[in-house]
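Below: the structure, in structure tokens.
The values are calculated or read from the model by the stated rules, or taken from the named source; none is laboratory data. All values derive from a computational prediction rather than experimental measurement. Every residue, glycine as well, gets a Cβ built from its backbone with ideal geometry; the counts of neighbours run over all protein chains shown.
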């Protein structure tokens, strides 16, 4: 009787802990934290939920990359190319984006507190429901223009510019 119960419990545990392939992708994301990724090419790659915190990504190419749910916290992304990248639900807090190209990027529901946006190109970027502070919104509204090609949302509207 004991062995039958144990076998049943073990069977249930194995079913419970066997993750589907989609879940497995999110439970073991790629990690590039603390890495020097200067001049790397990640264009068009699927990097969902990848970790890039405290990384140096100066001049790195993320054109058209899928960065949904990625963690980019406290990284350097000066002069990086994020044209057309999907950063929905990404953590982009405390990131230096000076000179970066965010044109046509999707930043829906992204966390962008204390990110530095000096000399960035945000033409056509979608910031719908992104978390920004008032100073960042004011700065970005001064240069906001265009419509995102994927979401058809105007950059100025996504930022709530007046």
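Some notes on this structure:
- The single residue among 119, 89, 157 that is without any contact (Cβ under 8 Å) to a residue 24 or more places away in the chain, under 19 Å from residue 33 (Cβ atoms) and either assigned to a loop (DSSP other than H, G, I, E, B) or out of contact with any helix residue (DSSP H, G or I) (no Cβ under 8 Å at 6 or more places or on another chain) (or both) turns out to be 89.
- Subset of region 122-142 (residues that are in a strand (DSSP E or B) and either under 17 Å from residue 81 (Cβ atoms) or in contact with a helix residue (DSSP H, G or I) (Cβ under 6 Å, 6 or more places away or on another chain) (or both)): 126
- Residues of region 60-74 satisfying the condition of being over 18 Å from residue 124 (Cα atoms), buried (at least 24 other Cβ atoms within 10 Å of the Cβ) and out of contact with any strand residue (DSSP E or B) (no Cβ under 7 Å at 6 or more places or on another chain): 60, 70
- The condition (being part of a loop (DSSP other than H, G, I, E, B), more than 20 Å from residue 32 (Cβ to Cβ) and either in contact with a helix residue (DSSP H, G or I) (Cβ under 7 Å, 6 or more places away or on another chain) or at pLDDT below 95 (or both)) is satisfied by just one residue among 145, 103, 149: 145.
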